[in-house]
Amino acid sequence: MPTQSELENAFQVYFDEIQRCIDCKCYWALLHLVTVLPDICGAIESDDGEASGPHYKDWCSRYLADTMMSSEDWYGIRCVVLHQGRTLANRGQYAAYSFSQPNARGSVVHRNVTDNGNARQLHLDVVELAREVVAGIRRWFGDVQANTHPSRSSNVARNLPSLARGHVSRGGPIRVEMTIHQTLTTSSPWPANST
């Protein structure tokens, strides 16, 4: 089974990118990164190595969900932010989400609910959300290493080598490497410009 250290190393490119987003105040990009990470974890521990709604929700139910944010809420955030570019919910216990960043005085609004009759809105601080996701991932690392769920840990061992990883040369840019398991053919890498 992969060790916690090996998993930490494999995910380092994601953890570094989270920190870069925070340092550069790229909170919208941070939100997208944070909502995709449970997809990656759920895919890696699945039999087929593929992301899916059930894998996402199952992973979130074990490592992120609580009474305020269920796995369905986490999945709802993923769907509306990543795939629809909006914050109005169509699943879960909230009608909408409000994402904020720390203000200049350092005050944070996180996990605060406003109720406008029958429309509940959940206010989330993106940096705090990132901290929760990273903590959940690290708890998952511990379970994988401890072989708490043998079939999931075996899947992680099998699927982890295909995870894209970043490498930084001294003073150079990040280089992301990934293993391609099938040959892809295409006539052009980009659509032709029609102008």
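Key figures
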| item | result |
| --- | --- |
| Residues within region 18-30 that are without any contact (Cβ under 8 Å) to a residue 60 or more places away in the chain and of a type in the set (D, E, K, R), tallied | 2 |
| Subset of region 49-81 (residues that are farther than 18 Å from Val156 by Cα and not in a helix (DSSP H, G or I)) | Leu64, Ala65, Asp66, Thr67, Met68, Met69, Ser70 |
| Residue in region 39-48 that is open to solvent by 50 Å² or more (accessible area, probe 1.4 Å), assigned to a helix (DSSP H, G or I) and within 19 Å of Pro150 (Cα to Cα) present | no |
| Only one of Ala135, Ala164, Ala119, Ala130 that is at pLDDT below 90 and within 24 Å of Gly76 (Cβ to Cβ) | Ala119 |
| Filtered residue count, region 140-164, keeping only those that are under 16 Å from Cys60 (Cα atoms) and basic (Lys, Arg) | 1 |
| Any chance Asp66 is buried (at least 16 other Cβ atoms within 10 Å of the Cβ), at pLDDT 90 or above and charged (D, E, K, R) | no |
| Test: residue in region 88-111 that is in contact (Cβ under 8 Å) with a residue 40 or more places away in the chain and either assigned to a helix (DSSP H, G or I) or of a type in the set (Val, Ile, Thr) (or both) | no |
| Candidate set from region 1-16 (those that are among the aromatic types (Phe, Trp, Tyr) and assigned to a helix (DSSP H, G or I)); member that is least open to solvent (accessible area, probe 1.4 Å) | Phe15 |
| Residue check, Leu160 surrounded by fewer than 18 Cβ atoms within 10 Å (Cβ to Cβ) and assigned to a helix (DSSP H, G or I) | no |
| Top-ranked residue in region 115-142 [being without any contact (Cβ under 8 Å) to a residue 12 or more places away in the chain and either part of a strand (DSSP E or B) or open to solvent by less than 60 Å² (accessible area, probe 1.4 Å) (or both); ranked as nearest to Ser46 (Cα to Cα)] | Ala135 |
| Hits in region 73-104 (condition: closer than 18 Å to His32 by Cα, touching a Lys or Arg at 6+ places or on another chain (Cβ under 9 Å) and open to solvent by 60 Å² or more (accessible area, probe 1.4 Å)) | Gln101 |
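The values are calculated or read from the model by the stated rules, or taken from the named source; none is laboratory data. Since the model is a prediction, treat every value here as computed from it, not as a measurement. Note that each Cβ is placed from the backbone with ideal geometry, even for glycine, and that neighbours are counted across all protein chains shown. Please note that ligands, DNA and RNA were not included when accessible areas were found on the heavy atoms of the full protein model with its side chains. Shrake-Rupley method; radii C 1.70, N 1.55, O 1.52, S 1.80 Å.
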